[in-house]
Structures are given as structure tokens and as C-alpha cells.
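Below: the structure, in C-alpha cells.
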Amino acid sequence: MRNIAPSNGVGDIVSTPEQIIATSSSSNQPTTTTPGDGVGGTDVAGKSRSGKPVRSESTAGILFGIGAYGLWGLLPLYFFVLQPAGAIEIVANRIVWSLIFCALLITITRAWKVFGAALKDRSVFGPLALAAGLIAINWLTYTFGVTTGHAVETSLGYFINPLVSVLLGVFVLKEKLRPLQWAAVGIGFVAVGVLTFSYGQLPWIALILAFSFGLYGFVKKRVGPKVDALTSLSVETVVLTPFAAITMVVLGTSGVATLTALGPGHFWLLVASGVITAVPLLFFGASARRLPMTTIGLLQYFAPILQFVVALTVFNETMTTARWIGFCVVWLALVLLTIDMLRTARKNSVLKKRARLAAADA
């Protein structure tokens, strides 16, 4: 079995909201993602190992990817219609109903043995429990930001997340960065300085989102080859559900909960949070199995761009000149990071093609 993307480490990962769940777990699939290889490799006739034409598989992968990132990018609109529910209630419901939806999917796919094995395996359960804590922090911060008029700043968190992944590569894995990566990180620090001046304080919502998800991705990368996406999400929700259930009870007894207080429409919207959590994940899993990681790396900017547009056009959040400058500096850093990613992918592709030709001639 080969991983989704041959990576030199965390510094080569480009991730977005909840992406790592599917990315890491999809490494169990017999696929390869070097540019030009198609899905799981191609034969002379240009077909994938599954027997389907590479072009149709790539088209399906792009559509699944757009579906996943589109849903993530439009997630602030969902939180908006859930008002007056607050961030804590939304996240608690999201966890509880996600577990129920995951249980349904596990039943349909007959994967209870796999799920049970993951719970018993300490090398799997331990990291996933840590990942659950990190994603809970991420979800709470994101929902709080969106529901309190800071949707622009939440999009910033996911714009700078790739830079955090690069920093993790340096400080945790002791990787050596390429020149463009160093330039992107340096420009990123300048951007944080500009935005700190603009906000009058550190953009803490964006930084918490970026670092919590960056660390979450790092943890999931370690355990990814051992579990599939559905099992991973299910274990994480099992860890978080007791806390979420207690939260829902406390909110209900204190008269703060809105779950049953605003009619059946609001009730079912909150219940739907389980589906809304799982569906983009499944779409991304389908996309990651069909596309090169470089294509995923480009598609991943779709979500924060949508979040940014929604914040400006629907929520009417203000952008001062200083904030525009800060965001432009961030985008410049991402352009450099993307150029480096594409150059590296092309170089790796050329080397692999040469290796295959050499092996064929031998």
C-alpha cells in the first residue's frame, strides 16, 4: 500500500479545515498521487488500476474536492442560521449527532470490528484521543469566531495554516526548509505583525485555529495509515461525546439551550450538524483517492476564500486598509508556498519517471 502523497514531512503538507482526517486515513488506499500518475497508477492504455479512465477519475475527484471544500467554505452560513445558539451549544450538538451518524455509517458498512479494534489499540486510541482534544479546540474557536462577528479572522486562520505546517516541520521534525519556504514563513511573520497592528492585538482567533489544526494534522499524520476516515472520526467523537453530552444537559437544565426551544426547524438544523460534519469528510476522502496531492493543495484554498467572501458580503464585516494589507501579505506568502509545492512535485514526478524508465531498460 502506498500513501496518498509522498511527503518529506509536515513541511510539505498543505491542509484545510478537517482535511487531515481524510488525507491521513486515505493512505490505506492503494493509490499514488505523483502528478501524471492518475489514480493508483496507470497502464499503457491510460487507465487506472481500478480499470476506469484516468480522465474520468480525475474529473470525479475534482468534483468531490469542490464539494468538500465548498461545504466547508459555506459552513459559516450554517452557523448563522443556527442563531441564537452559541458556540458551545453548536459544538456539543455537532459532536453528539456526529457520533450517531457515524454509528449509522459503521452499521451500513459493517465496520464495527474495525472500530472496536481501533478502540483497543493503544497506539491508535491514544493519538486519536489527543487529536480529539485538538479538534475540539479548533471547532470551538472557529464557531465562536463566526458567531461573534469574526468570520474574516477565522478565514485568516486557515489561510496561514500551511505556514504553521511548515513551522512544525522545522521545530518538531527538524526539517531543512527550501528557500521559497523560508521566504514564505518570513513573510508570514510580517503579515502577523501588520494584522496585530490592525486589530490592536494579536489575531488570536486566527492563530489558535492555525496552530490547533496544524498540531491536529501532525498527530493524525502519525496514526493515519492505521485507520480509515470513518473509524478515525468515530473514535474522536467517542472521546468527546461524554463532555458534549454533559454540556448539553447543563445547558438544558439552566434554560440556555435552544435545541428544543425554537421549534422543529431549529431542532432538525442542529441535529443535521452530524451529517454536515461527515459528508464533506467523505467527499474529501473520495477526492483524495483520485487526485494528486498537488491538486488537493490548490483546491484547499477554496474553503478559506469562500469563508472570506461570505464574511464580507453576507455578514458585512469591515476590512480596514491595514487589514487588507495584512491579508495581501499572507496571500503573497501562500503564493510562494504554492510555487514551491508545484516545483517540488514536478521535480519528484520527473525523478520517478526516470526511475521507471531505468527500471524498464534494466
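What the table below lists for this structure:
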| quantity | calculated |
| --- | --- |
| From the options Lys220, Lys226, residue that is open to solvent by 10 Å² or more (accessible area, probe 1.4 Å) and in contact with a helix residue (DSSP H, G or I) (Cβ under 6 Å, 6 or more places away or on another chain) | Lys226 |
| Those residues of segment 291-332 which are open to solvent by less than 50 Å² (accessible area, probe 1.4 Å) and outside any helix (DSSP H, G or I), in sequence order | Leu291, Pro292, Gln300, Tyr301, Phe315, Glu317, Met319 |
| Residue list for segment 239-254, restricted to those being open to solvent by 50 Å² or more (accessible area, probe 1.4 Å), hydrophobic (A, V, I, L, M, F, W, C) and over 25 Å from the mean Cα position of the chain (by Cα) | Ile246, Val249, Val250 |
| Positions within segment 76-90 being within 21 Å of Pro304 (Cα to Cα), of a type outside the set (Phe, Trp, Tyr) and open to solvent by less than 20 Å² (accessible area, probe 1.4 Å), in sequence order | Pro76, Leu82, Ala87, Ile90 |
| Segment 55-103, subset of a type in the set (S, T, N, Q) and part of a helix (DSSP H, G or I), residue nearest to Ala229 (Cα to Cα) | Ser98 |
| Restricting segment 257-275 to residues that are within 20 Å of the chain's Cα centre (by Cα) and buried (at least 19 other Cβ atoms within 10 Å of the Cβ), the residue that is modelled with the lowest pLDDT | Gly274 |
| Residue identified as touching a residue at least 40 places away in the same chain (Cβ under 8 Å) and touching a Phe, Trp or Tyr at 6+ places or on another chain (Cβ under 9 Å) among Gly149, Gly145 | Gly149 |
| Count - residues of segment 194-210 that are of a type in the set (S, T, N, Q) and outside any helix (DSSP H, G or I) | 1 |
| Members of segment 172-181 that are buried (at least 16 other Cβ atoms within 10 Å of the Cβ), of a type outside the set (A, V, I, L, M, F, W, C) and assigned to a helix (DSSP H, G or I) | Gln181 |
| Candidates Ala184, Ala191, Ala129 - the one that is more than 17 Å from Leu334 (Cβ to Cβ), in a helix (DSSP H, G or I), open to solvent by less than 40 Å² (accessible area, probe 1.4 Å) and not aromatic (Phe, Trp, Tyr) | Ala129 |
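The values are calculated or read from the model by the stated rules, or taken from the named source; none is laboratory data. Note that the structure is predicted; figures quoted are calculated from it, not measured. All Cβ positions, glycine included, derive from the backbone under ideal geometry; neighbour counts span all protein chains shown. Accessible surface areas use protein heavy atoms only, side chains included; no ligands, DNA or RNA. Shrake-Rupley method; radii C 1.70, N 1.55, O 1.52, S 1.80 Å.
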